[in-house]
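The structure under discussion appears below in the form of structure tokens.
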Amino acid sequence: MRVEDELPLRDLLLGRFDADEGLMLIKRWLTRENPVCLRHPHGFYVALLKRGLDEEWRFHLWPKGPRVITGMPAFVHTHDSDVESRVLSGALTNTLYDIAHVSSEGQPLYQVGYSADRYLSTTRNWLENTGSRIIVCRREEQYVIPGKGYIVDADDFHEATISENCVTATLVRMTARRPATVYVAGVDGYASRIDFVRTPVAGRQIAEQI
């Protein structure tokens with residue numbers, strides 16, 4: 001069965017389905033198809049729902065409890081695509097930032113690299129210090145509850161802050177990918193290059209946590 005036959009993704013994103021109903025549709029799909037998903041270094045799960053030439057659809061799930069971080073606890077970052085997201089359960093705060101390059105103080109600026117397809121568990125990922133430093137200033141903050149959504153333009157620095165008191169799930173559409181570098185506002189005291197892999201997780205295992 002095609003994804004579109006069971007998951008009307010655009011209707012889910014546009015709110016034509018109740019958030020709970022949309023979440024249950026995705027849970028049933030994960031249970032039946034049992035795709036290989038990935039655990040992000042920032043402690044949430046990523047399931048690729050659909051990928052085409054001009055868009056990617058993903059499901060993100062943050063389990064209840066403290067976030068388990070690997071690599072570097074640096075959450076302010078950019079994307080190489082425009083991001084549109086709808087919260088299906090839980091809650092999050094999406095914060096947009098302006099940055100300024102500085103010669104000292106501030107934070108180290110890292111860039112993200114991939115050795116191959118970012119959705120394969122065998123793909124090596126890394127963060128590499130660019131040698132630049134930035135100051136990050138909060139521009140806008142949005143608290144997002146189930147049924148509501150937010151948009152982040154590519155190249156905008158942003159951070160999604162997740163409550164530890166509940167399971168948070170989002171449907172994400174990524175479009176207009178460009179050959180741009182993904183950046184992270186890093187943390188001092190770490191190596192100039194940090195390598196890691198994303199742990200594979202069965203879709204059914206993620207579905208059990210919904």
Of the numbered conditions (1) β-branched (V, I, T); (2) modelled with pLDDT of 95 or more; (3) within 19 Å of H60 (Cα to Cα), V187 satisfies every one except a single condition; which is it? (3)
Scope the stretch 14-45; condition without any contact (Cβ under 8 Å) to a residue 60 or more places away in the chain and within 18 Å of the chain's Cα centre (by Cα); matching residues: H42, G43
Scanning the stretch 110-138 for residues that are within 23 Å of T161 (Cα to Cα) and β-branched (V, I, T), which turns out least open to solvent (accessible area, probe 1.4 Å)? I134
Specify which of the listed residues (A180, A207) is over 16 Å from the mean Cα position of the chain (by Cα), under 26 Å from E55 (Cβ atoms), buried (at least 18 other Cβ atoms within 10 Å of the Cβ) and in contact (Cβ under 8 Å) with a residue 40 or more places away in the chain. A207
Out of everything in the stretch 183-204 that is among the β-branched types (V, I, T) and not in a loop (DSSP other than H, G, I, E, B), what residue ends up being surrounded by the fewest Cβ atoms within 10 Å (Cβ to Cβ)? T199
What is the residue count in the stretch 99-109 for residues that are under 14 Å from D155 (Cα atoms) and surrounded by 13 or more Cβ atoms within 10 Å (Cβ to Cβ)? 2
Within the stretch 77-95, can you find the residues that are open to solvent by 20 Å² or more (accessible area, probe 1.4 Å) and touching a Phe, Trp or Tyr at 6+ places or on another chain (Cβ under 6 Å)? T93
Cβ-Cβ below 9 Å, separation at least six or inter-chain, first residue in the stretch 111-122 and within 13 Å of H40 (Cβ to Cβ), second assigned to a loop (DSSP other than H, G, I, E, B) and open to solvent by 50 Å² or more (accessible area, probe 1.4 Å): which pairs? V112/T181
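Does D155 satisfy the criteria of being closer than 21 Å to V83 by Cα, open to solvent by 60 Å² or more (accessible area, probe 1.4 Å) and in contact with a Lys or Arg (Cβ under 6 Å, 6 or more places away or on another chain)? Quick ask: steps written out before the conclusion?
On the way: closer than 21 Å to V83 by Cα: yes; open to solvent by 60 Å² or more (accessible area, probe 1.4 Å): yes; in contact with a Lys or Arg (Cβ under 6 Å, 6 or more places away or on another chain): no.
So D155 does not fit the description; no.
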Among the residues of the stretch 41-75, how many are open to solvent by 20 Å² or more (accessible area, probe 1.4 Å), farther than 19 Å from V197 by Cα and in a loop (DSSP other than H, G, I, E, B)? 6
Is it true that E141 is at pLDDT below 95 and either open to solvent by 80 Å² or more (accessible area, probe 1.4 Å) or within 15 Å of the chain's Cα centre (by Cα) (or both)? no
Lone unmet requirement of (1) open to solvent by less than 40 Å² (accessible area, probe 1.4 Å); (2) more than 13 Å from V172 (Cα to Cα); (3) assigned to a helix (DSSP H, G or I) for C37: (3)
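The values are calculated or read from the model by the stated rules, or taken from the named source; none is laboratory data. The structure displayed is predicted, hence computed values, not measured ones. Virtual Cβ from ideal backbone geometry, glycine too; neighbours counted across all protein chains shown. Side chains included, ligands, DNA and RNA excluded: accessible areas come from the protein's heavy atoms. Shrake-Rupley method; radii C 1.70, N 1.55, O 1.52, S 1.80 Å.
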